[in-house]
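Bear in mind these aren't lab numbers, they're just calculated from the coordinates by the rules spelled out. Bear in mind that the values here come from a model prediction, so they are computed numbers and not experimental data. Here Cβ is always computed from backbone atoms with ideal geometry, including for glycine, and neighbour counts include all displayed protein chains.
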Amino acid sequence: MSLFIFNDPDNFWMCPFDPNHKVLAKRFQYHLVRCAKANPTIRRVKCVFNASHLMRPDELIKHMSTCPDSAVLSGLAKLGMYTTF
Ligand SMILES: [Zn+2]
Ligand SMILES: [Zn+2]
């Protein structure tokens with residue numbers, strides 16, 4: 001899990017496979033693996049931090065650890081502005 005950025009593990013992030021899934025940041029990696037298996041036809045997912053970043057599901061975890069927008073969003077979430085995403 002050391003790849004992952006958990007600025008606030010109790011934030012809710014939107015699942016890239018299903019926008020109805022709101023996932024705790026600390027559970028996100030686990031959820032993503034399960035949801036990828038449940039949605040084998042989805043080949044490109046959106047970055048949680050920036051919807052214009054598209055990639056393969058298996059690349060998402062790695063991307064999120066280096067995404068330049070991750071610090072911005074976690075800062076906004078702390079201010080209660082997460083819904084502007
Ligand atoms: Zn999901
Ligand atoms: Zn990104």
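Send over the semi-axes of the stretch 12-79's equivalent ellipsoid, whole angstrom and largest first, taken as the square roots of 5 times the C-alpha gyration tensor eigenvalues. Could the numbers behind the result be given before it?
Details: eigenvalues 73, 36, 20 Å².
They are 19, 13, 10 Å, listed from largest to smallest.
Using 0.36 nm times the number of residues separating residue 43 and residue 61, minus their current alpha carbon distance, what extension gain do you get?
Difference between extended and current length: 5.0 nm.
So, R0 is 25 Å and r is the distance between the beta-carbons of residue 50 and residue 26; what FRET efficiency does that work out to, to 0.05?
My answer for the efficiency is 0.75.
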